[in-house]
Each structure stands twice: as C-alpha cells, then as structure tokens.
1. Which of the residues spanning the stretch 57-95 are hydrophobic (A, V, I, L, M, F, W, C), closer than 18 Å to Leu307 by Cα and surrounded by 16 or more Cβ atoms within 10 Å (Cβ to Cβ)?
2. Taking Phe415 as meeting all but one of (1) among the aromatic types (Phe, Trp, Tyr); (2) in contact with a Pro (Cβ under 8 Å, 6 or more places away or on another chain); (3) in a helix (DSSP H, G or I), write down the number of the exception.
3. Out of everything in the stretch 232-265 that is farther than 30 Å from His35 by Cα and among the basic types (Lys, Arg), what residue ends up being least open to solvent (accessible area, probe 1.4 Å)?
4. Please give the helices (runs of 4 or more DSSP H) falling wholly within the stretch 183-263 in which 2 or more residues are closer than 29 Å to Pro40 by Cβ and free of Cβ contacts under 8 Å to residues at least 24 places away in the same chain.
5. Are there any pairs with C-beta distances below 9 angstrom linking a residue in the stretch 51-68 that is under 14 Å from Leu313 (Cα atoms) and among the hydrophobic types (A, V, I, L, M, F, W, C) to a residue that is modelled with pLDDT of 95 or more and part of a helix (DSSP H, G or I), with the two at least 6 apart or on different chains, and if so which?
6. Among the numbered criteria (1) under 20 Å from Arg420 (Cα atoms); (2) under 25 Å from the mean Cα position of the chain (by Cα); (3) not in a helix (DSSP H, G or I), which one does Val95 miss?
7. On the given criteria, is Ile427 in contact (Cβ under 8 Å) with a residue 12 or more places away in the chain and either open to solvent by 40 Å² or more (accessible area, probe 1.4 Å) or hydrophobic (A, V, I, L, M, F, W, C) (or both)?
8. Applying the selection to the stretch 129-142, what residues are open to solvent by 10 Å² or more (accessible area, probe 1.4 Å), in a helix (DSSP H, G or I) and over 12 Å from Leu111 (Cα atoms)?
Amino acid sequence: MNTTNFINDNFILQSDVAEKLYHNYAKDLPIIDYHNHLSPQLIAENQPIKNITEAWLKGDHYKWRAMRANGIDEIFITSSATSHKEKFLKWAETVPYTLRNPLFHWTHLELKRYFDIDELLQPNTAEAIYEKANAVLEHKTPAQLLEDLKVEVICTTDDPIDDLKYHQEIAEKGFFTKVFPTFRPDNLLMVQKPSFSSYIAKLAACVDFSIQNLEDLLKAIQMRIDFFDSLGCRLSDYGLEEIFASDFTEDLADVIFKKRISGTEISKEEANIFTSCILVKLCEMYHAKSWTQQMHVGAIRNNNSRLLEQIGLDAGVDSIGEFPVAQSMSKLFNTLNLNNKLAKTITYNLNPSQNEVFATMMGNFQNSDYPGKMQWGSGWWFLDQKDGMEKQINCLSNMGLLSKFVGMLTDSRSFLSFPRHEYFRRILCNILGEDVKQGLIPNDIEFLGKTVQDICYYNAKNYFGFKIK
C-alpha cells in the first residue's frame, strides 16, 4: 500500500468553502467531550501509558471486532498470554483490511495528531511506528495527551456507588482538562439481575443506612445525586435496551421492591413497573438539579455467550437491536413535561432506522426553558462514522435545528480517541461547503462560520453549564 501522506490538511474537505470553514472556524476550537468511558484513576495517577498497545488496543472493542473479522486468533486480541508488540503487529496486519471502515480513518488521524506519523499502518511499517509511538508515550501522561488536543472538559461515566475519589484528586491537581463525573444508574434499574439485591446492599453502605423500602431507596438515590452534584456533575446517563414507561403507583413499586430484595423472583411485568417508577423519579431529580439527562437506547448486548464467559462484559459482541421506542419515549417525556419536571435531554439511537423517530420526538417537547433543550444526539457507537454522522446531520437539519446541536462526543475508553472531534468537524464543514456549492444555502462565510463554531463548541459550553474556573 502506498505510504505517502494520506491525512493532509484538507482531508475530507472537498470545496473552498469547506476548507475555509474548517481551517478558519473549527480547527482550533477547544473540545468538550461530554460523554466517554475514560478511567478517572488513570487521569488522577497521571503516569505515562508508555505503550501504544495499552493506549490503543486495550478495551477497544471496535478494533477487537475488526481483528476477529480478519481471522486473528483471540490470543492476540484480549489474552494476556501475548506481548504488547505481538498484539500491535496483529492490529497492523488488520489495518489495511479496514479500508472504508471508520477505523482506517481514525487510526491514521490518531497516528498523525499524537505522533506526527504520516505513514500508513501496515505490516512493513508496523515496527517503526510501534517504536516511534512508544518513544512519545514514554513521556506523555494522560493529562498531557488531553491537553495536547485542547480537551477542555471530559465527563466520565460513573456508577452511583462510586466514591469519586479520583475525581476529587483530579480537581486538586489543577489540570488543563476539567474532569467531571456522570451519574449512570443502570444498576438501579436492572431489578431482575441476580446481583440486584447485593447492589442495593452496596448502595446502603454508601449512604450509611438500611434500604428496606422504596422511600429508603429514593432517599439514598437523592443523597448520591447530591454528592455527584457537589463534585461538578451536570449530566446523567442511561444505557439500556429500551425506555421503560409502564403505568405505576409508588405503592405498587414499593411492594415489588420489597419482594425483590427479599430474594423472591419477580415477573417481567413487575420489573417494568418498578423500573418505570425509578426512571421517572430519577428524571425528576435531574430536573431539580438542572442536569442534562442522556439516554442511549437500542443496543443488544453480549450476543456471543462463549466470548462473554471468556472475556467478560464489553467484549465487543454487542450489536444493533430492534426495540420499539416511540410510544414509551413519548409517554415518559409527556409525563415529566406535564409536571414541569422534564430536564434538558439528549437521546441517542443505535438503530439507524429510528433516526427520524428520535429526531421528531425531541421536537415535540422543545420549549422556552432553553433553546435546543431537547437534543437528538450525535451518531452513537456503530453510527459514529462518516456515513452515520452525515445521516444524523442531514436528518437533524430536516427535522429540527442543526444550529442548536451540541455536537460530537467520543464515547471512548482511549486517551487517543479525540481526533474523532476533528473528524466530525471536517464532515460538518464539508456538508455545509457542498450545500453552498449546490446553491442550497448562502455563501456567507461569516454566518456559516459562526454556526460551525456553535455546533463544535459554544452550544455545548452554554448548554451544560460546567463550572470551569
């Protein structure tokens, strides 16, 4: 494969207008990454990662899936029986075959931005790239990697029972990048899981009182939300297959909760009633705190039970699901809206056939509380690639107001993933440039430039209200 410069200054930009919008308005903006899965512990400890395999392949199920599709043995993917270098070489062997997969673009953007490497990664360049990248990483801490890409804010994903000690340590260290927790209460909603009762016991230990009924549970949840809020948390998240919106009463939810923590099995219908109650109560608490609630909906997880047993959760065996969502989403938002307790909300769908469903549903509940209060989020997971982003941008433009969009996020576990913001910015600028070329929008660079800047940075900065000194 030709190894000449592939990621050039005008990568993706196919018109003069696109080039002007990107280089003059988007390129140098800071990054607000309001949803990711980075480790607060690694940021707090702030030790050089040293090895590109650790930084790049560990926990990256996108790459794992590609390597499996290329016939790479699992021992070179997730096993501890092989060396960092052996894993990297197997990834390099796979990269040429990722052509037209987003991994091909992401890989070479990251090599260019973090290591100033122009060569394409392939077997005959792998050894040199491995050594050069490791030489850089030997002296780069996570905080420095974030600062190098001008990452102003990141929001991690944290369980309600997390003590957030690493967030407190990070805040004391005064890094360029501000790191805030996000409240992710999925474990409170998985009432049929065998681990539910033990999780409630852990929550009780956090709040230092026994949780015997629904009133106790809601009190404990409120205490944890208050604690997260005190450390700068401004977002919650929800990542289940579907949105639950069964009719419920608190009395019935209380009976179901007591039944479950006593060790008795409950029916699917009972689980939905309890979960619907807790979800509404959570949403009301978020509204009271002026938080933004995020809802990631539609993944069917852990499809390959053999790999799940071998590797554990997040093994890279999840996919797009087919779950009905319109009625339950409407019912949940309408219930909250009727009580004037609907918080700022971002929804993300994994099934692209539901793009218009999500885009139009959010428009039903816009109001004067805040411009763009209800957001249909950027392409998520299997959809955060060029085609998925273009479809999301075009659909949002048709069904809502693109100009009020809060933009991109990484949803990543890697400290080397932040060029994905550049990727999004280039795609956005190219779409607008193509529209100008076709006479569909005015050739007003100043106006379009401001729109680009808002979508890429300022809308998010104003929407979330992070406390940044």
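The values are calculated or read from the model by the stated rules, or taken from the named source; none is laboratory data. From a predicted model like this one, the values you see are computed outputs, not experimental measurements. Positions of Cβ are generated from backbone atoms using ideal geometry, with glycine treated the same way; all protein chains shown enter the neighbour counts. Accessible surface is based on the protein model in full, side chains and every heavy atom, while ligands, DNA and RNA are left aside. Shrake-Rupley method; radii C 1.70, N 1.55, O 1.52, S 1.80 Å.
1. At the first step, the residues of the stretch 57-95 found to be hydrophobic (A, V, I, L, M, F, W, C) are 57, 64, 66-67, 69, 72, 75-77, 81, 88-89, 91-92, 95.
Subset that is closer than 18 Å to Leu307 by Cα: 57, 64, 66-67, 69, 72, 75-77, 81.
Correct list: Leu57, Trp64, Ala66, Met67, Ile72, Phe76, Ile77.
2. Here Phe415 meets the rest and fails (3).
3. First, the residues of the stretch 232-265 that are farther than 30 Å from His35 by Cα: 247-265.
Of the ones still in play, those that are also among the basic types (Lys, Arg) are 258-260.
Numbers: Lys258: 93, Lys259: 70, Arg260: 12 Å².
Restricting to residues being farther than 30 Å from His35 by Cα and among the basic types (Lys, Arg), the top hit is Arg260.
4. Numbers: elements: 186-189, 196-207, 214-230, 250-261.
So the answer is 196-207, 214-230.
5. From residues that are under 14 Å from Leu313 (Cα atoms) and among the hydrophobic types (A, V, I, L, M, F, W, C), the pairs are Trp64/Glu74.
6. Every condition holds for Val95 apart from (3).
7. Working: in contact (Cβ under 8 Å) with a residue 12 or more places away in the chain: yes; either open to solvent by 40 Å² or more (accessible area, probe 1.4 Å) or hydrophobic (A, V, I, L, M, F, W, C) (or both): yes.
When the stated conditions are applied, Ile427 passes them.
8. Our first condition is that a residue be open to solvent by 10 Å² or more (accessible area, probe 1.4 Å); within the stretch 129-142, this holds for 130-132, 134-136, 138-141.
Remaining after also requiring in a helix (DSSP H, G or I): 130-132, 134-136.
Those that are open to solvent by 10 Å² or more (accessible area, probe 1.4 Å), in a helix (DSSP H, G or I) and over 12 Å from Leu111 (Cα atoms): Glu131, Ala135.
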